[in-house]
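A short worksheet on the structure shown next.
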Amino acid sequence: MGQKIAFLASDAPIAQQGLRALEDAHDNVEMADADVIVALGGDGFMLTTLHATQDLIAPVYGMNRGTVGFLMNEFSIENLSERLLEAEEAVIHPLSMTATCVDGSIHKALAINEVSLLRAGPQAAKLEIVVDGKRRMDELVCDGALLATPAGSTAYNYSAHGPILPIGSDVLALTAMSAFRPRRWRGALLPSSAKVRFNVLDAEKRPVMADADSRSVLNVESVEIHSDPSVSHRILFDPGHGLEERLIREQFV
């Protein structure tokens with residue numbers, strides 16, 4: 001008896017076309033009944049799918065019907081059942097964000113790639129950085145800063161000149177965007193157990209927004225971030241094309 005598959009697709013026409021083709025060849029079951037979930041789209045849709053299915057046991061196998069597709073496998077209608085059976089699994093844990101706003105409201109979210117703080121006005125942000133209860137930087141003047149997981153280290157973090165982290169490392173990357181003071185500060189590597197707090201200095205005059213995998217919170221006053229090992233995302237990759245290989249390959253492009 002074959003695996004029960006649930007198919008999901010982004011709204012992009014090419015993804016919807018792929019969905020129809022796969023549904024012609026396979027039964028499409030409800031996600032709660034599936035042995036595996038196949039997501040058609042780009043990396044953004046993959047992140048959305050992982051968040052939406054985090055309470056399900058079934059792993060997620062992405063097929064690229066988007067642009068970059070770092071978290072996706074090559075799209076093909078042929079031999080899908082065999083590919084799923086042979087796929088390698090990677091387990092990643094998200095970051096937990098708790099953002100407190102100027103008005104006192106509190107917002108929580110999980111981030112698979114990174115939690116970022118970005119200036120939301122014409123002036124640079126001023127951030128105080130506290131790690132495990134110890135103030136490590138009195139004032140970082142910058143366009144923003146982020147904390148990235150190994151899985152997300154090739155995304156926004158890498159574009160901001162942060163390091164690529166091996167997928168098996170118990171490390172998080174703290175990276176600044178356009179640091180003005182200290183001049184060109186490039187960030188720090190922290191253990192995955194670290195609890196990081198950003199305090200926004202002069203938040204009324206220099207507004208800052210926080211973002212967890214594209215879920216944004218405006219006018220934040222402080223943001224606390226830590227890895228959440230209680231949540232596990234299971235991602236499937238074709239043999240020889242897993243996350244570890246992709247992270248290594250990305251550094252030699």
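Across every direction, the projection of the convex hull enclosing the Cα atoms of the range 187-249 has a mean area of 6.6 nm². Note on THR67 and SER105: the extension gain reaches 10.1 nm, defined as 0.36 nm multiplied by sequence separation minus the Cα-Cα distance. Using a cutoff of 8 angstrom between alpha carbon atoms and counting only pairs six or more residues apart, the relative contact order for the chain works out to 21 percent.
The chain has equivalent-ellipsoid semi-axes of 36, 18, 16 Å, by the square roots of 5 times the alpha carbon gyration tensor eigenvalues, sorted largest first. Mark the label point 7 Å from the Cα of GLU78 along Cα→Cβ and return the residues of the range 1-33 whose backbone N is within less than 19 Å of it. Only 18-19, 21-26 fall inside the zone, counting backbone N under 19 Å.
Relative to the longest principal axis of the Cα atoms of the chain, the long axis of helix 13-25 lies at roughly 40 degrees.
Would you mind ranking PHE252, PHE180, PHE237 so that the residue whose beta carbon has the fewest other beta carbons within 10 Å leads the list?
Sorted ascending by nearby Cβ count, the order is PHE252, PHE180, PHE237.
Got a sec? Charge dipole of the range 95-227, +1 on Cβ for Lys and Arg, -1 for Asp and Glu; which of HIS161, ASN113, VAL200 is way out at the positive end? The residue sitting farthest along the positive end of the dipole is HIS161.
Under the simplified labelling scheme, the VAL130-ARG186 pair shows an inter-label distance of 2.9 nm, with each label point 7 Å from Cα along Cα→Cβ.
Comparing SER192, SER159, SER222 in a Gaussian network model of the chain (Cα springs below 10 Å), the most mobile by mean-square fluctuation is SER159. Springs between alpha-carbon atoms under 10 Å, Gaussian network over the chain: tell me which of LYS195, LYS205, LYS108 tops the mean-square fluctuations. Among LYS195, LYS205, LYS108, the largest mean-square fluctuation in the Gaussian network model of the chain belongs to LYS205. Given 5 Å bins starting at zero, what is the percent of C-alpha pairs of the range 94-152 in each, up to the one with the largest pair distance? Result, from short to long distances: 4, 16, 19, 27, 26, 8, 1 percent. Note on the chain: dipole from Cβ charges, positive end direction compared against MET46, LEU146, ASN73; the farthest Cα belongs to LEU146. Listed by Cβ neighbour count within 10 Å, with the fewest neighbours leading, THR48, THR175, THR67, THR53 appear as THR67, THR48, THR53, THR175. Considering only LEU19, LEU50, LEU80, the Gaussian network model of the chain with Cα springs below 10 Å gives its largest mean-square fluctuation to LEU80.
Charged side chains reduced to their Cβ positions (Lys and Arg at +1, Asp and Glu at -1) give the chain a dipole of some 1380 debye around its Cα centre. The Rg/Rh ratio of the range 68-127, with both radii computed over alpha carbons and Rh defined as the Kirkwood radius, is 1.21.
Read-outs throughout are calculated quantities, based only on the coordinates presented, and are distinct from any laboratory measurement. Computed from a predicted model, the values in this text were never measured in an experiment. All Cβ positions, even for glycine, are placed from backbone atoms using ideal geometry, and neighbour counts span all protein chains on display.
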